Every structure is written in C-alpha cells, then in structure tokens.
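Participant: Take a look at the following structure, please.
The values are calculated or read from the model by the stated rules, or taken from the named source; none is laboratory data. Quick caveat, the model's predicted, so the values are computed rather than measured. With ideal geometry, Cβ positions are generated from the backbone for all residues, glycine too; neighbour counts draw on all protein chains shown.
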C-alpha cells in the first residue's frame, strides 16, 4: 500500500480486450492497439500508460485487467508488476456488461467494500493531473454508493460518441446525469455543443462492486445469476472451467445500455483533461506535433510540397520522402505498408477484412 | 569465339556511368540504376541484361564497359565473365565524346579493324530479336566505314528526346541521316510524328574504331590529341596515371554534338523493338503489367478504390495496402520510403538534393 493510498478500497478495472483493427498494420491480432505506443511522444503502450497514470490512486495489486484469452499472456508480459491473477481472460468478447460484472465479482470476493473505477485501455489523456482529480471525485461519489460516470466537456460537434445530459449539481463538481443520449447526427451534435449541458460519454465508470453487482442482478438477471455461479465455482476452484464453458452464453451488451441507462440514478463527474479516444490513424495525426504544413512525420523526413500527411515508420534509420502529396496516412512496418487518405482512415477495416478473407498471416 | 561469331571484329562499348538519381531510393550513389533490375519482369540488372542481349553478336571478351572509377568494382562484380581490363574507369564523367573516344582507342589497340557498337546500359528492349537484327545492320554498315546511328520509330509526340530526320535509303533498311534535331516542343513533336520521317535518336552508334578516332581528330582535335597521348602512355604502362591526371580536362561534350552532327555523312538504321529509355519511376509503371485499375503493384498487394498506382517493395513478404489513392509512385527499400504522384517522378531529384545537402548517407 503506497503512502498516497487515500482510497484503500479503490480498485481499477482496465478493459483491454480490443482488437484494434483500425490501427493495422501496427496493430495485429496478437498485438492490438492497447499494447502499442500509439500516443505521440509517449513510448509506452496505451495499456502501460493507463496503469502508470492511475498509480497515484491504486497500486498494481489492486488493478485488474480484463482481456481476451488470446491476449492474456501478452497483457501480463506488458504489465509484469501486476499479479498474474489480476489478468482476467475472457474466452470470448461479450461487450462490457459481462466484463465489468465479472471484474466486480472478483473485486468483491477480495474486498467486500471494494470500489471500482472502470477504465478503457485505449484512451489518451493530455492532462494527467486534471484526470486524476476527476478520478478522485468519481471514487468519492461511488464510495457513497452511487453509480458514477465521467462526462467529457465536448470540444467539437462530434457525431461518433454518445452523450450525457447533465442535471443539477449534487456535490462538488458532481452532477446528476439526466439521461444517456445515443450518437447524434450532426445537427443535434451542434445543438448539444451550443447547449453546454451535454457531455461525451467517456466509458469511464465508478461504483462499489456490490452496488454494480446488485444493479446487474436487477437489470440483467441472467448475467447476475451466471456471475453468482462463477463466484460459487471459484470457491471450489472450478471458476475457470465454468467460465470457459459458459462465457459465450452471456448477454453481449454494454454496461451503459444494460445497466447505467436503466438505473434510477447515475451521477456524472464532468471533466476536461485533454481526453482523446485513440480511434484511428486520423486521431494519431491530430494528436501529433505538426510542421508548418500540417505534416506529422518522423523528424528526419524529407518533403517537397507535402501537406497534412501523417507517417509512422517502425524501422529505425529509415527515411520517409514525400513529394506533392497531401493528407495521406502512411504506416510502414516490417511486413506491411499502408497508404490511404486521412479522411478514409476507417477503411483500414476493409484491408484487414481482405487479408483475413485470404487467410493472410499479416493481420 | 562463339560459333555465331559472324562479326569477328565487332566490339561492344557499354556506357554505364550513370548515377540514376531519378530511381532513388532504389538507386544510390554506389548502386545506380544500371546495376539494378529495373525492367519489370526481369530480375537481371539493366547492365547484365544489356550484356546478355548482345551475346549472339559479341562474346564478353569483346565487350568494354565504361563507368566511373567509384563504380568500377561493382560493375566488374556484376559482370564476372568480363575480363577485368575490359572495365574502363573514368576518373570523372565528361559526357559521351571522351568516353566513346577512349573506348575506341582501346579497341583499336587490340584490334586495328575493330568495329564498335556503342550501347547505353539503361535501355529496356521489349523485342530482343528485332533489336539484334538492327544491330547486325548497323555493324554491317559501320564495317564499310560509315558512322551509323539507330533511330527509333516514334510511338508518341515525345518532347524528351532528340530526333533524326531520315533521308534516302542507301542499303537494306539503312538510310542517310539528313540531320540531327534537338528536343522539340510539343507542336513540333506532333509534326515529326505525323511526318513519319523523324526518328528518336537512341544513343546507339556504330563505327570502326579508326573511323571514329579520325572523326574525333577532325572535329574535336583537343580530345583527339589527348587520346593519342593515352595510347602512347599505354605503351609504357603509363596510361592510368595520365588518365587520372588529365581526364577532367577533356571537353565535356556528347558524341552526338561533338562529332556525329558535324560529320559529312551519318547513316541511320530505323528500328522498332519495344525500346524504352528507363528514365524515371513513371517509365517503370508504364512498362509493368497493370491490373484492371491501372495499378502496377506486387502480386499480393491489397487495394480498395486505388487506381493507376505503382509500388515497388524491396523486402520479400511485405504486403502493400492502398485505399483510395490514385496515380502514386511508392518505392520502399530497407532504409527509405518514397511516395509521390506519378506525374512528379522527375522531382525525386529534389529529394536526393535535400539528402545530399544535409550529408545524409541514404543517397
């Protein structure tokens, strides 16, 4: 327990199951984005950065990481300071409700008073101190029994995220969440931005383990029963086998839809800490430093009439030379070279699908 | 002497001094284009392809290669069947007149009746048999004492080449050359194409060694005297030292301008043999096989909405993936990645200049 351990019952649950198709060719089935150093200027993997960012609040022994069985070893290797038992391996991905519920069950077994903070592994946080202040507020509110979420103050009319409508303040910078809102169209997103009381739903949550498990039992009773069965099986050393056998039958639903939106009360902690969902190579370009022509390139790149390009080159000592091209994403790895316009960064999926369709090993 | 040695006095002079900047990053100072396999579908270097193409006419012991001192060893290594003494190393490039004159001097010393055919090392020949027929005609005409050139039947109004105006036929498919014409503008190039009696000046020549040396003595007397001095020095083993000391003082002028254009009579052998001057990556794209969208890419490339692109990847097992890009040139080597529009292939020079300016080793 560290000397800063002001939340001795706080546990972090890092959700690290993503496959990160959109960061191909850097990301691969066996090396998804959370295991890659995708944040510009940071040579740590996103997962390690997540762990180190919360170190002032929770020591590694109180961090659980939920990932896929295929990635469990790589995940454990990336975070050697974590007890191996803290890596929970899902036999198959079933969205976030089973993930959060299973992790909460593990926390409650170890600490009946445990409070979870649930964090995606693939966020970029530009202002870590402001972030920690928000996490502290969230933990405090959750300690008192609330279901708590973090809402990001929007900086643009983003149509790619869900929103939270913020209600009255019920504590210091803690509000009631009036409602969850699905991804809006452009017009509504602009209205939300203008209104000022709509925040991006960040996917960061806080709740006592017992509180979220009760809420799951209420709103997703099938999942609740299965989680109880895991807990019983764990007492006899049979949890692993039961999880293997039954995890695929759990309802594939998000904790947002399955529980939070149905709960009588959810609190929201508004935050502004340079948050970014590292969703595609376009985000990488946005976050990186640019030259005067808007290029984000390796330092020794050579350019002639090139504007707005992003290039990532894995190999040390390899020079990138661009002439007369604009707004391209270029990603060069040992066994693959991807080139596409920044505006089509989402279409990396089509490349990965094509490679999978022909059983290509380079995915 | 091979059984096909129908021209026992024929000697080939391959001009292989180019630095090939425009094929960066495949070409480098120490590995210029003639040492690279740049012809699509042919894994031989351009230089080796040149040597093997003329094998039915001249055996390796009667082939001289003129290159720069810096490239002499690499050139000899590329053509191990050549006697080492057949690689002539210029201390510095002085255009083609000194190169041809010096090679002619070497030929005459070994064979007073020698007939030269002068061939650039960086041509692509699509129809080797038709090419050999043209070379035979050229050698025959030159054996009788003429200065002979090869004119390529134009297939487009090319403004990048010089032209030859063809006069009356003086033998079987051998004509008098009426005049040499400088690179024309677009309008004149179209007139030349329509007129039908203008051919591209290919840079391929034939002449008896003694005839071209006499012509040099007449039209470039300074060069002629120096070549005589080399010959005298050679008798005492002093040629190398004299060449080292004086080559840079030779007139830097082409054999076309310096001699051929001034001669009383030049003959031209018209030819059509799938000739291409491998001048830039655009030529590589033109010569390569294309998919239905005009892409010339490695066989296992993955594309989505990509048209008219060329990609060359040095590394085996590396996949190229293109989404939504058109008419790009992409060249990937171990230590450099070049991307530019096909229409700007000439601008590779600017990249090479920038690298040189910062003393970058990757040129």
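Participant: Quick check on my filter: what residues within the stretch B:329-363 are part of a strand (DSSP E or B) and either touching a helix residue (DSSP H, G or I) at 6+ places or on another chain (Cβ under 6 Å) or within 7 Å of chain A (Cβ to nearest Cβ) (or both)? Explain how you work it out, then say what you get.
Facilitator: Residues of the stretch B:329-363 part of a strand (DSSP E or B): B:329-332, B:336-341.
Selection gives B:329, B:330, B:332, B:336, B:337, B:338, B:339, B:340, B:341.
Participant: Is it the case, given these coordinates, that residue A:288 is closer than 19 Å to residue B:351 by Cβ, surrounded by fewer than 21 Cβ atoms within 10 Å (Cβ to Cβ) and modelled with pLDDT under 95?
Facilitator: On the way: closer than 19 Å to residue B:351 by Cβ: no; surrounded by fewer than 21 Cβ atoms within 10 Å (Cβ to Cβ): yes; modelled with pLDDT under 95: yes.
The answer is no for residue A:288.
Participant: Would you point out which residue out of B:132, B:139, B:82 is surrounded by 17 or more Cβ atoms within 10 Å (Cβ to Cβ), over 28 Å from residue B:284 (Cβ atoms) and modelled with pLDDT of 95 or more? Walk me through it before giving the result.
Facilitator: Numbers: B:132 fails: over 28 Å from residue B:284 (Cβ atoms); B:82 fails: over 28 Å from residue B:284 (Cβ atoms).
When all the criteria are applied, what remains is B:139.
Participant: Check whether at least one residue in the stretch B:206-222 is under 30 Å from residue A:357 (Cβ atoms) and touching a strand residue (DSSP E or B) at 6+ places or on another chain (Cβ under 9 Å), and report yes or no.
Facilitator: No, the stretch B:206-222 contains no residue that is under 30 Å from residue A:357 (Cβ atoms) and touching a strand residue (DSSP E or B) at 6+ places or on another chain (Cβ under 9 Å).
Participant: Scan the stretch B:15-34 and give yes if some residue there is modelled with pLDDT of 95 or more, under 17 Å from the mean Cα position of the chain (by Cα), in a strand (DSSP E or B) and buried (at least 22 other Cβ atoms within 10 Å of the Cβ), otherwise no.
Facilitator: Yes, the stretch B:15-34 has at least one match.
Participant: If you don't mind, there's one more thing I want to ask. In the stretch A:283-311, how many are within 13 Å of chain B (Cβ to nearest Cβ) and touching a helix residue (DSSP H, G or I) at 6+ places or on another chain (Cβ under 7 Å)?
Facilitator: So the count comes out to 3.
Participant: Another question, if that's okay. Would you mention how many residues in the stretch B:85-101 are under 11 Å from residue B:63 (Cα atoms) and not in a strand (DSSP E or B)?
Facilitator: Of the residues in the stretch B:85-101, 2 are under 11 Å from residue B:63 (Cα atoms) and not in a strand (DSSP E or B).
Participant: Can residue B:344 be described as surrounded by fewer than 21 Cβ atoms within 10 Å (Cβ to Cβ) and farther than 21 Å from residue A:310 by Cβ?
Facilitator: Details: surrounded by fewer than 21 Cβ atoms within 10 Å (Cβ to Cβ): yes; farther than 21 Å from residue A:310 by Cβ: no.
No, not satisfied.
Participant: Which residues, taken from the stretch B:205-217, are free of Cβ contacts under 8 Å to residues at least 40 places away in the same chain and either farther than 16 Å from residue B:142 by Cα or touching a helix residue (DSSP H, G or I) at 6+ places or on another chain (Cβ under 6 Å) (or both)?
Facilitator: Here is the first cut: in the stretch B:205-217, the residues free of Cβ contacts under 8 Å to residues at least 40 places away in the same chain are B:214, B:217.
Passing the criteria: only B:217.
Participant: For the stretch A:50-84, give me each residue that is in contact (Cβ under 8 Å) with a residue 60 or more places away in the chain and either outside the structural domain of residue A:100 (by TED's automatic domain parsing) or assigned to a helix (DSSP H, G or I) (or both).
Facilitator: At the first step, the residues of the stretch A:50-84 found to be in contact (Cβ under 8 Å) with a residue 60 or more places away in the chain are A:50, A:53-54, A:56-57.
Selection gives A:50, A:53.
Participant: Another one. Filter the stretch A:219-247 down to the residues that are loosely packed, with under 13 Cβ neighbours inside 10 Å and without any contact (Cβ under 8 Å) to a residue 24 or more places away in the chain, then identify the one that is farthest from residue A:9 (Cα to Cα). Lay out the reasoning, then the answer.
Facilitator: Restricting attention to the stretch A:219-247, the residues satisfying the condition of being loosely packed, with under 13 Cβ neighbours inside 10 Å are A:221-222, A:225, A:232, A:235-237, A:241, A:245.
Of the ones still in play, those that are also without any contact (Cβ under 8 Å) to a residue 24 or more places away in the chain are A:221, A:225, A:232, A:235-237, A:241, A:245.
Values: A:221: 26, A:225: 25, A:232: 23, A:235: 22, A:236: 26, A:237: 25, A:241: 29, A:245: 32 Å.
This residue is A:245.
Participant: Something else: Return yes or no: is residue A:46 in contact with a strand residue (DSSP E or B) (Cβ under 9 Å, 6 or more places away or on another chain), buried (at least 24 other Cβ atoms within 10 Å of the Cβ) and either closer than 17 Å to residue A:123 by Cα or assigned by TED's automatic domain parsing to the domain that holds residue A:125 (or both)? I'd like the intermediate steps shown before the answer.
Facilitator: On the way: in contact with a strand residue (DSSP E or B) (Cβ under 9 Å, 6 or more places away or on another chain): yes; buried (at least 24 other Cβ atoms within 10 Å of the Cβ): yes; either closer than 17 Å to residue A:123 by Cα or assigned by TED's automatic domain parsing to the domain that holds residue A:125 (or both): yes.
It is true that residue A:46 is in contact with a strand residue (DSSP E or B) (Cβ under 9 Å, 6 or more places away or on another chain), buried (at least 24 other Cβ atoms within 10 Å of the Cβ) and either closer than 17 Å to residue A:123 by Cα or assigned by TED's automatic domain parsing to the domain that holds residue A:125 (or both).
Participant: Also, I was wondering about something else. Identify, by number, the condition in (1) more than 9 Å from chain B (Cβ to nearest Cβ); (2) buried (at least 18 other Cβ atoms within 10 Å of the Cβ) that residue A:319 doesn't meet.
Facilitator: Among (1) more than 9 Å from chain B (Cβ to nearest Cβ); (2) buried (at least 18 other Cβ atoms within 10 Å of the Cβ), residue A:319 violates only (1).
Participant: So residue B:250 fits all but one of (1) touching a residue at least 60 places away in the same chain (Cβ under 8 Å); (2) outside the structural domain of residue B:20 (by TED's automatic domain parsing); what number is the exception?
Facilitator: Condition (2) is where residue B:250 drops out.
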